[in-house]
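Read through the structure below, which is laid out as structure tokens, and then see the notes.
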Amino acid sequence: MATAAKHRNSIIASAIRLFRQRGYAATGLNDILKHSGAPKGSLYHYFPGGKEQLGEEAVTVAAEVVTQTLTDLRSQHACAPDMLRGYGQLLAGWVTQAGFAEGCPIATTLLETTPQSPPLALAGQQAFARWCEVFVLQLRDDGVAAERAQRWAQLMICTVEGALLLSRVQASALPITQACDDLAALIESAAPAP
């Protein structure tokens with residue numbers, strides 16, 4: 001049983017990595033199998049819906065990793081601006097270590113598949129909603145009104161996603177750290193006084 005789950009997990013992990021590096025369309029199922037080391041039958045056993053089902057699960061799993069990262073950052077920082085700066089530093093280190101060959105673990109897949117694939121679009125909507133929710137919770141703890149917290153959280157995600165793209169194109173971590181620092185400062189200047 002553990003071996004079977006290992007194959008399923010390795011297929012998903014390989015899909016996440018290859019979709020992020022090469023894109024969804026350019027990555028074939030055989031590429032994923034080869035990368036994962038899983039037997040061919042396990043792909044069709046665990047993902048009878050084929051590549052679309054695998055893509056949906058890859059988005060969901062990758063999104064959960066990011067959600068956990070944000071939750072961890074929330075517990076380590078006293079306010080949303082500091083949390084955003086911490087996230088920027090973490091992402092800057094990660095993209096640098098990856099040689100700027102990888103970006104957001106779900107963006108490439110979603111850009112290539114939505115709105116044509118409703119299951120992948122829904123997985124993406126749920127992912128971004130969970131990420132926003134972590135920021136909303138922190139912003140609310142900081143005393144920000146509910147509607148503004150929701151809008152600022154969405155702005156934080158948009159900023160990070162755009163910064164990741166610029167970082168990859170420019171082969172520099174500066175777009176990430178600068179964007180996160182600048183947005184954090186704007187939020188601090190507009191946030192309610194403690």
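The values are calculated or read from the model by the stated rules, or taken from the named source; none is laboratory data. All values derive from a computational prediction rather than experimental measurement. All Cβ positions, even for glycine, are placed from backbone atoms using ideal geometry, and neighbour counts span all protein chains on display. Protein only, heavy atoms only, side chains kept; ligands, DNA and RNA dropped before computing areas. Shrake-Rupley method; radii C 1.70, N 1.55, O 1.52, S 1.80 Å.
Before moving on, here are some points about what is shown:
- Computed extension gain for Ala13 through Ala185, at 0.36 nm per residue and net of the alpha carbon distance, reaches 58.3 nm.
- Of Asp82, Asp141, Asp181, the one that fluctuates the most in a GNM where the chain has Cα springs shorter than 10 Å: Asp141
- Model label points for Tyr44 and Glu64, set 7 angstrom from Cα along the Cα-to-Cβ axis, are 2.7 nm apart.
- Taking the centroid of alpha carbons for each part, the stretch 75-153 and the stretch 1-49 are 25 Å apart.
- Size descriptor, Kirkwood hydrodynamic radius, that averages inverse alpha-carbon separations across the chain, Å: 17.6 Å
- Selected from Gly88, Gly124, Gly37 as most flexible by GNM, with the chain as the system and alpha-carbon contacts under 10 Å: Gly37
- Per residue of the chain, the DSSP helices (runs of n ≥ 4 H) give a summed -39500 (n - 2.57) that works out to -26500 deg cm²/dmol at 222 nm.
- For the chain, the Cβ-based charge dipole about the Cα centre amounts to some 660 debye (Lys, Arg positive; Asp, Glu negative; other atoms uncharged).
- What the pair-distance distribution of the stretch 125-194 shows, using all Cα-Cα distances binned every 5 Å from zero, is 3, 17, 24, 22, 17, 11, 4, 1 percent.
- Each label point was placed 7 Å from the Cα along the Cα-to-Cβ direction; for Phe100 and Leu122 their separation is 3.9 nm.
- Length gained on full extension, Leu174 to Gln21, computed as 0.36 nm times the residue gap minus the Cα-Cα distance: 53.0 nm.
- Distance between the pseudo-spin-label points of Arg148 and Asp31 (7 Å out from Cα toward the beta carbon): 4.6 nm.
- For the stretch 52-190: accessible area per residue (Å², 1.4 Å): 48 Å²
- Percent accessible area from carbon and sulfur atoms, the stretch 63-194, protein chains only, probe 1.4 Å: 59 percent
- Among the helices of the chain, those built from whole DSSP H runs whose Cα atoms reach 15 Å or more along their own axis and whose mean Kyte-Doolittle hydropathy is at least 0.0 are 80-97, 118-141, 146-170, 174-190.
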